[in-house]
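Engineer: One structure, as structure tokens, below. Some questions next.
The values are calculated or read from the model by the stated rules, or taken from the named source; none is laboratory data. Treat the numbers as computed from the prediction; the structure is a model and nothing was measured. All Cβ positions, even for glycine, are placed from backbone atoms using ideal geometry, and neighbour counts span all protein chains on display.
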């Protein structure tokens, strides 16, 4: 159980065991949010992480994290989570070199820390994961929406990544909405289905063609659509958070 008293501590889990992480019925407001290291299959459903106090230039960037996940070995399932506030610099941070699948759905990530002191990202991964599955996710950001650099600290094995019903909205013009870097590990396969980008800044790094099926054999489905989804955010304000109830699955 995560509570206000241990929210900014690191939860160290046994990599051979499965866990359900219970979030409190009220928002977590501690600097640094929630950090989980280890565990095999980890489930986190519902919950709200809120930080509205931007960190200063001399403070550690991890104080601006929302949810930090490191070194899981199985599947991490995140559902119905709402991370937001002007103190959030990186909503979901992934350090995954142990072959995990990270899946997030029906979640809303808002990284609105003023650009400058913090490199602001909705989702940032600098190692792995093996699989990344985003389904029905809304990202609102003052910087980068999706920042993927899975080989940043050395090549790792990667399977297909999926972006399904994902929309990114930028609130400033100081960054790329989408960013990915291959480094020495090379490109990985991506599957796009209803990926929307409403950018005020640059749209995609290194090139839009690297996110385009016709420009890259590593992308299947659509490239991305510019603007907002016709029906609005895939995860509207208030639909995820502390009161979230999972619809269940067959």
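Engineer: State whether the residues of the range 209-225 include one that is modelled with pLDDT of 90 or more, under 18 Å from residue 134 (Cβ atoms), part of a strand (DSSP E or B) and out of contact with any helix residue (DSSP H, G or I) (no Cβ under 8 Å at 6 or more places or on another chain). Let's see the steps before the verdict.
Structural biologist: Filtering the range 209-225 down to residues modelled with pLDDT of 90 or more leaves 224-225.
With the extra rule that they be under 18 Å from residue 134 (Cβ atoms), the set shrinks to 224-225.
Within this subset, residues satisfying the condition of being part of a strand (DSSP E or B) are 225.
Then keep just the ones that are out of contact with any helix residue (DSSP H, G or I) (no Cβ under 8 Å at 6 or more places or on another chain); that gives 225.
Taking every residue of the range 209-225 in turn, at least one turns out to be modelled with pLDDT of 90 or more, under 18 Å from residue 134 (Cβ atoms), part of a strand (DSSP E or B) and out of contact with any helix residue (DSSP H, G or I) (no Cβ under 8 Å at 6 or more places or on another chain).
Engineer: A follow-up question, please. Just checking, does the range 176-192 include any residue being on the phi > 0 side of the Ramachandran plot, out of contact with any strand residue (DSSP E or B) (no Cβ under 9 Å at 6 or more places or on another chain) and surrounded by fewer than 20 Cβ atoms within 10 Å (Cβ to Cβ)?
Structural biologist: Yes, the conditions are met somewhere in the range 176-192.
Engineer: Identify, from the list 139, 123, 146, 191, the residue that is part of a strand (DSSP E or B) and either farther than 27 Å from residue 55 by Cβ or in contact with a helix residue (DSSP H, G or I) (Cβ under 9 Å, 6 or more places away or on another chain) (or both).
Structural biologist: 191
Engineer: Then there's this: Can you tell me how many residues within the range 45-70 are free of Cβ contacts under 8 Å to residues at least 60 places away in the same chain, crowded, with 19+ Cβ neighbours inside 10 Å and over 14 Å from the mean Cα position of the chain (by Cα)?
Structural biologist: Kept after step one, since they are free of Cβ contacts under 8 Å to residues at least 60 places away in the same chain, are these residues of the range 45-70: 49-53, 58-70.
Then drop every residue that is not crowded, with 19+ Cβ neighbours inside 10 Å, which leaves 49-51, 63-70.
This time we only want the ones that are over 14 Å from the mean Cα position of the chain (by Cα), so: 50-51, 63.
Total meeting the criteria: 3.
Engineer: Which residue, of 2, 37, is modelled with pLDDT of 95 or more and touching a strand residue (DSSP E or B) at 6+ places or on another chain (Cβ under 8 Å)?
Structural biologist: Being modelled with pLDDT of 95 or more and touching a strand residue (DSSP E or B) at 6+ places or on another chain (Cβ under 8 Å) holds for just one of 2, 37, which is 37.
Engineer: Determine whether the range 226-242 contains at least one residue that is surrounded by fewer than 16 Cβ atoms within 10 Å (Cβ to Cβ), touching a residue at least 12 places away in the same chain (Cβ under 8 Å) and in a strand (DSSP E or B).
Structural biologist: yes
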